[in-house]
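The structure appears below as structure tokens.
Read the figures in this text as sums done on the coordinates, not as results from a lab. Since the model is a prediction, treat every value here as computed from it, not as a measurement. Quick reminder, even Gly has a Cβ in these numbers, built from the backbone with ideal geometry, and neighbours come from all protein chains shown.
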Amino acid sequence: MIYDTAIIGSGATGAATAYMLSHYSGKTILLEKAHEVCAGVSKANSGIVHGGFHHPSDSLKTRLELRGNELIDRLQHELHFPYLKCGILVVAYSEPELETLRKLYRQGLDNGVKDMEFCDRKRVFELESKLHESAVGGFFVPNGGTIEPYGYVFSLVECALKNGVSLQCDFEVVSGTFADGVWTLKSADGGEIKARYVVNAAGLFADEVSKALGAEEFKIFPRKGEEYLLDRNSAGRPERVVFPVPVKHSKGVLVIPTAGGTTMIGPTAEAVDDKGDTATTSDNFLKILKLTQNMVNGLTARDLITSFAGLRPVHESEDFYIAKSEKSPNLIQAAGIQSPGLTASPAIGEFITSLLKDAGLELVENPGFDGTLPPRYEARKLDDAKLQEFHDNDPAWTNIICRCEEISEAEIIEAVKRGHTTVDGVKFYTRAGMGRCQGGFCSAKVLNIISRESGIPMEELTKRGGKSRILAGKLGELEVK
Amino acid sequence: MVRLDYDVVIAGAGAAGLAAGTVCAQAGCSTLIVDREGRTGGILNQCIHNGFGLRYFKEELTGPEFAYRMSEKARHAGAEFALNSAITDIKQLEDGTFDIRVLSGKDGVTHLHARAVMLAMGCRERNRGAIATPGERPAGVFTAGTAQKLLNCEGKLPGKSAVIVGSGDIGLIMARRLRWSGIEVKAVIEIMPHSAGLTRNVVQCLHDFDIPLYLSTSVIRIDGKERVEKVVAAPLNSDRTPDTSRAFEIECDTVLFSVGLIPEMELARKLGVKENPATGGAEVNSAYSTSVPGVFSAGNVLHVHDLVDFVAEEAEYAGKCIVDYLVGAKTGKEFSSAAGKNLKYAIPNRFAAAKATRFLFRPTVVTDRAVLKAMVDGKSVWEKKLAFVRPAEMIIAEVAADTLHGDVTFELEEL
Ligand SMILES: Cc1cc2nc3c(=O)[nH]c(=O)nc-3n(C[C@H](O)[C@H](O)[C@H](O)COP(=O)(O)OP(=O)(O)OC[C@H]3O[C@@H](n4cnc5c(N)ncnc54)[C@H](O)[C@@H]3O)c2cc1C
Ligand SMILES: Cc1cc2nc3c(=O)[nH]c(=O)nc-3n(C[C@H](O)[C@H](O)[C@H](O)COP(=O)(O)OP(=O)(O)OC[C@H]3O[C@@H](n4cnc5c(N)ncnc54)[C@H](O)[C@@H]3O)c2cc1C
């Protein structure tokens, strides 16, 4: 079969594009090299829905960021991914910083950011009582906050699939040839997909994919960001996303109340050579902790539950590179999607759709399009009466598996039913294992449930596909020396 | 929704909960022991090795055997059990009694009512993230207790060749357990200059198997994209930073962390119980009452014990105190006690002046000759000579009634 469009990469960019294309009746397929969707930088970032004031108004970034910010609001109502719309507070901690703060505020006004409020010292403390005493002023952007980035991407993909998009995971595009108006994409293990149009949304690997398709030669520079997660009981959890005044190339280190209820501090910004280098270091933790302790009170090393790192896919222009390829036909490049790529993603999806249209893709409305997903329930958030009602239908709702995050068996079963059969997949879908014990108590139970529900033997379950097996076999299989 | 009334509800059916529950039930109090697991015994169920009970039962038992005996005692005493039942919240009502929210697959949402509450939730293991171990995040990284559970309760192999980080008792026991399962143990790496575990465990679990123990050494990286491939470790400089010039690599597919336990205090926090930063557990008086009247605590959720026998003894005593509280006994005048030189903590934090008190201490030094002193107003008013002091081994000292006539600070003097 020949698809109309093949999208390479199922991060925020690819997923949002698939979702936008599902409004039309053409046949779209989403290709992902990993075992499950959202395997790249879209699952390892700050999760912030940015406000549109960080970059100048003439950049593509800003235009798409502002539009994306609006669209995420609407999408949240339809798709129900976790979004904490707590607003963003940019804070100056010294008189000289006030200068830069004013410039940034003005840039925001020029960009057309809505409802921005410049705040004196008293007002910033009203908005955020946990600020460090040294705060002197700031500005507040109410239209922003934090989402669970993987939850967001999962829901885009789910909605796209519901509306006719196909998905193929474990498909790493290694080459592509164009003949008679049709691309033939080949995967590492010999698979083949044919499509008239191709979207390169391969994140960090967009340069390699472009090369494999005989298109533009450019380079993606990975820039690492380490993030540190603190317990949901941390006394330093702020009410707002707290930004310092930015420095060159980076928005600085932030204190983030995550949509999942924990507190995150980070990220760092450091150029690295290896696209697989997602290691974190203890030096950086101490550095970040120190910086953020001077921004918000109550942050302690004792509350650290885990850390991770994501790599920003940076294009030499420092801007997004989203355009029709000049070299290869029927190919749209979506590269250099660094921050605010998550925020901008729905707008990027729209923009790519319009570029596809300009390139000749016919867009006929999908008459059966249904842009809503059923709401998702979490045992932890249900009141007694509602939870009892759920229990009466299915007792698994009150069987708590993950004690730290209070995740029920029913939620884990739901994740497996929706196709998450890896431990990380279930974790990102449900939060089971994301809390303070990091799966110490529940991993045996979670493995049992995934195995029971998916029919995959426990020994074959992986952390995130490939060779990332959790277990090495059954007791008794090894020779005892 | 059913509403059930008890004199005392105990959160946790581990050794602590069972011991306290037995005493309360024996005294005729209506007692319910709640546990989220399907069987009683807590962490003991996965400790299938022996070495338990020498003190408490005067014979050597395995963990599950110890658990079974404790459970039977509680059952015979008339304690009731609610298993597969997670307590998610405890609130103190205006009259000082408690509302306890329980979730279970069987009954859904239940609110229990009790006059007293015993916190016996045990602890969780500190994990890789909590100590900010650098490196990649492949499969094959477990806490020692998780690996223990996978092996002993699920019959699964966590890997084929392992490095163990931390030489606490669980890590040591696991080193031997892995070897007995055919899993290679390449090394145990300990950041301190001495093992964090009991001496008998170092001998029986490492020396007897020729497993190398690297002291004053830290893990500086875990490598592996999909599954663990190797660990990079480095000895510490005199300022305790890793000396990367002497870093070395150990190939393995599994890393187990045994780097300490943290009391599971979340329910206590919801109750507003005052915490002791040195233990991570609650502050208690000599009746094991927390800062919230009617809320008691003992076992690993109060402070991390080396031996389950001590847990059982402590919780049994706490159980007696709960009974006293329920019959309306008054505490009387109290003094405070604090940990001074060479001591990490002292328990209890307050004591009744007119009663004999059993104090527990966690030392911070290794020495073979020391004296423990009770200082009141800067003067030593009580002393005890100690012959063998190790951070892994708790110090227990009984102080007779009417010995300490004021707020006391304990000090450990090396001789
Ligand atoms: C530390 C950090 C913090 C950030 N914080 C924010 C923030 O707060 N707010 C915000 O808006 N943005 C933020 N960003 C930026 C944001 O995360 C990215 O812009 C966005 O996730 C990019 O999405 P993507 O889909 O383009 O890339 P990815 O998510 O990387 O998706 C690319 C996908 O393509 C797949 N792929 C690659 N090669 C192939 C191939 N050959 N064949 C098939 N599939 C392939 C990959 O496996 C991957 O799943 C942050 C980034 C970092 C690193
Ligand atoms: C991994 C590990 C290995 C050990 N190995 C040894 C050893 O080899 N030798 C030795 O002497 N000692 C060992 N110990 C120490 C000793 O066994 C423990 O100190 C003792 O068993 C602790 O008893 P406890 O009742 O305080 O806690 P636990 O046994 O941990 O019991 C706590 C119970 O509370 C339940 N619970 C917690 N929160 C809730 C809630 N909200 N609702 C319902 N139920 C809840 C838990 O499910 C658990 O069953 C080990 C400890 C651990 C953690």
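Expressed in whole Å with the largest first, what are the equivalent ellipsoid semi-axes of region A:3-132 derived from the C-alpha gyration tensor as the square root of 5 times each eigenvalue?
36, 16, 14
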Query raised in the report: Using θ = phi - 60° and the Karplus curve 6.51 cos²θ - 1.76 cosθ + 1.60, what whole-Hz ³J(HN,Hα) does each residue of region A:148-163 get, with Gly and Pro shown as x?
Result: 8, x, 5, x, 5, 5, 4, 6, 4, 5, 4, 5, 4, 5, 4, 9
Query raised in the report: Karplus couplings for region A:374-391 from phi (6.51 cos²θ - 1.76 cosθ + 1.60, θ = phi - 60°), rounded to Hz, Gly and Pro as x?
Result: x, x, 9, 9, 10, 3, 4, 9, 8, 7, 3, 5, 5, 5, 4, 4, 4, 4
Query raised in the report: If one computes the Cα centroid of region A:55-83 and of region B:8-77, what distance in Å separates the two points?
Result: 55
Query - Gyration tensor (Cα) of region A:237-392, equivalent ellipsoid semi-axes in angstrom - result: 35, 30, 13
Query raised in the report: Expressed as cubic angstrom per residue, what is the convex hull volume of the alpha carbon set of region A:421-481?
Result: 101
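With a cut-off of at most 11 other beta carbons within 10 Å, and DSSP calling the residue loop, which GluC sites (Glu not before Pro) in region B:78-185 qualify? Please list them.
On the way: sites: B:80, B:94, B:125, B:136, B:154, B:184; in loops: B:94, B:136, B:154.
In loop regions of region B:78-185 (DSSP not H, G, I, E or B), the sparsely surrounded GluC sites (Glu not before Pro) are B:94.
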**Report entry** Debye log10 I(q)/I(0) for region A:271-334, one point scatterer per Cα, at q = 0.12, 0.14, 0.18 Å⁻¹
**Finding:** -0.56, -0.66, -0.84
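Over region A:130-269, what number does the Rg to Rh ratio reach, with both radii from the alpha-carbon atoms and Rh per Kirkwood?
Numbers: Rg = 21.1 Å, Rh = 19.1 Å.
Checking Rg against Rh, the ratio lands at 1.10.
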Report task. Divide, for chain B, the radius of gyration over alpha carbons by 2.2 N^0.38 Å, where N is the residue count. Result -> 1.02
Requested in this report: Just list whichever of A:61/A:114; A:219/A:275; A:251/A:287; A:275/A:445 have alpha carbons separated by over 22 Å in the model shown.
Outcome: A:275/A:445
Report summary line: The Cα extents of chain A along the principal axes, largest first and rounded to whole Å, are 64, 59, 53
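Based on DSSP H runs of at least 4 residues, each adding -39500 (n - 2.57), what is the mean residue ellipticity at 222 nm of chain A after dividing by all its residues, to the nearest 500 deg cm²/dmol? Please report the intermediate quantities before stating the final value.
Working: 12 runs with 144 residues, N = 481.
Mean residue ellipticity, 222 nm, calculated: -9500 deg cm²/dmol.
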Query - Along each principal axis, Cα extent of region A:9-80, largest first, Å - result: 35, 29, 26
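Can you tell me the relative contact order of chain B? Whole percent, Cα pairs under 8 Å, sequence separation 6 or more.
Relative contact order of chain B: 15 percent.
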Requested in this report: Among the aspartates and glutamates, select those whose C-alpha is under 15 Å from the C-alpha of residue B:225, and discard any that sit fewer than 8 residues away in the same chain.
Outcome: A:274, A:277, A:424, B:136, B:251, B:253
Requested in this report: Compute the Rg/Rh shape ratio of the protein assembly as shown: radius of gyration over Kirkwood radius, all on alpha-carbon atoms.
Outcome: 0.99
Query raised in the report: Give me the Kirkwood hydrodynamic radius of region B:333-415 in Å, from all C-alpha pairs, to one decimal place?
Result: 12.6
**Report entry** Amide H contacts under 5 Å for residue B:10, placed H, 5+ residues apart
**Finding:** B:32, B:33, B:34, B:118
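First select every other residue whose beta carbon is under 15 angstrom from the beta carbon of residue A:291; then total the charges, Lys and Arg +1, Asp and Glu -1. If you can, show how the numbers build up before the last one.
Details: positive: A:251, A:287, A:290; negative: A:97, A:226, A:227, A:270, A:283.
Local net charge: -2.
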Report task. Name the residue farthest towards the positive end of the dipole of region A:343-481 from the options A:399, A:480, A:348, assuming +1 on Cβ of Lys and Arg, -1 on Cβ of Asp and Glu, about the Cα centre. Result -> A:480
Requested in this report: Would you mind checking the radius of gyration and Dmax of region A:192-252 based on alpha-carbon positions, in Å?
Outcome: 19.4, 54
Query raised in the report: Stokes-Einstein D for region B:127-259 at 10 °C, 1.306 mPa s, Kirkwood Rh over Cα pairs, in µm²/s?
Result: 110
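What does the charge count around residue A:454 come to, taking other residues whose C-beta lies under 14 Å from its C-beta (Lys +1, Arg +1, Asp -1, Glu -1)?
Summing Lys and Arg as +1 and Asp and Glu as -1 gives -2.
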Report task. Using only C-alpha atoms and all pairs of different ones, pull out the Kirkwood radius for region B:1-160 in Å with one decimal. Result -> 17.3
Report task. Give the share of C-alpha pairs in each 10 angstrom bin for region B:111-204, from 0 to the last occupied bin, in whole percents, shortest bins first. Result -> 13, 42, 28, 10, 7, 0
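As a footprinting exposure proxy, order B:195, A:317, A:451 by other Cβ within 10 Å, with the fewest listed first.
Working: B:195 24, A:317 12, A:451 17.
By the 10 Å Cβ count, ascending, the order reads A:317, A:451, B:195.
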Requested in this report: Step through the residues of region A:27-33 one at a time and calculate ³J(HN,Hα) from phi using the Karplus curve (6.51 cos²θ - 1.76 cosθ + 1.60, θ = phi - 60°), rounding each to whole Hz and writing x for Gly and Pro.
Outcome: 8, 10, 10, 9, 10, 9, 6
Requested in this report: Report the antiparallel proportion of the DSSP beta bridges in chain A as a percent, rounded to a multiple of 5.
Outcome: 75
Report summary line: Computed over chain A, the relative contact order (Cα-Cα under 8 Å, seq sep at least six) in percent reads 20
Query raised in the report: So for the pair residue A:170, residue A:184, with labels modelled 7 Å out along Cα→Cβ, what separation do we get in nm?
Result: 2.4
Query raised in the report: Once all Cα-Cα distances of region B:7-80 are split into 10 Å bins that start at 0, what whole-number percent is in each one?
Result: 23, 51, 24, 2
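Fewest to most neighbouring Cβ within 10 Å: what's the order for B:252, B:24?
Details: B:252 25, B:24 30.
Fewest-to-most Cβ neighbours within 10 Å comes out as B:252, B:24.
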Query - Hull volume in cubic angstrom per residue (convex hull over the Cα atoms of region A:323-376) - result: 108
Requested in this report: Specify the inter-centroid distance of region B:80-136 and region B:222-278, based on alpha-carbon positions, in whole Å.
Outcome: 26
Report summary line: Within 10 Å of the Cβ of an average residue in B:83-89, the count of other chain Cβ atoms is 3
Query raised in the report: For region A:407-468 and region B:195-210, what is the separation of their Cα centres, given in Å?
Result: 35
Report task. Anything over 28 Å Cα to Cα? Flag those among A:427/B:230; A:43/A:474; A:224/B:344; B:106/B:270; A:381/A:474; B:73/B:373, in the order listed. Result -> A:43/A:474; A:224/B:344; A:381/A:474; B:73/B:373
**Report entry** Long-range HN-HN contacts of residue A:401 with modeled amide H, under 5 Å
**Finding:** A:407, A:408, A:409
Query raised in the report: For region A:379-480, treating each Cα as an identical point scatterer without solvent, what Debye log10 I(q)/I(0) comes out at q = 0.12, 0.17, 0.19, 0.22 1/Å?
Result: -0.41, -0.75, -0.90, -1.12
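What do you get for GluC sites (Glu not before Pro) in region A:308-386 restricted to DSSP loop and a cutoff of at most 11 other Cβ within 10 Å of the site's Cβ?
Hits after loop and neighbour filter: A:316, A:326, A:362.
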Report task. Treating the angle as unsigned and between 0 and 90°, give the value, to the nearest 10°, between the Cα long axis of helix B:15-26 and the longest Cα principal axis of chain B. Result -> 20
Query raised in the report: For region B:306-333, list residues with backbone N below 15 Å from a point placed 7 Å from the Cα of residue B:401 toward its Cβ?
Result: B:330-333
Query - Dipole magnitude of the protein assembly as shown about its Cα centre (Cβ charges: Lys, Arg +1; Asp, Glu -1), debye to nearest 20 - result: 900
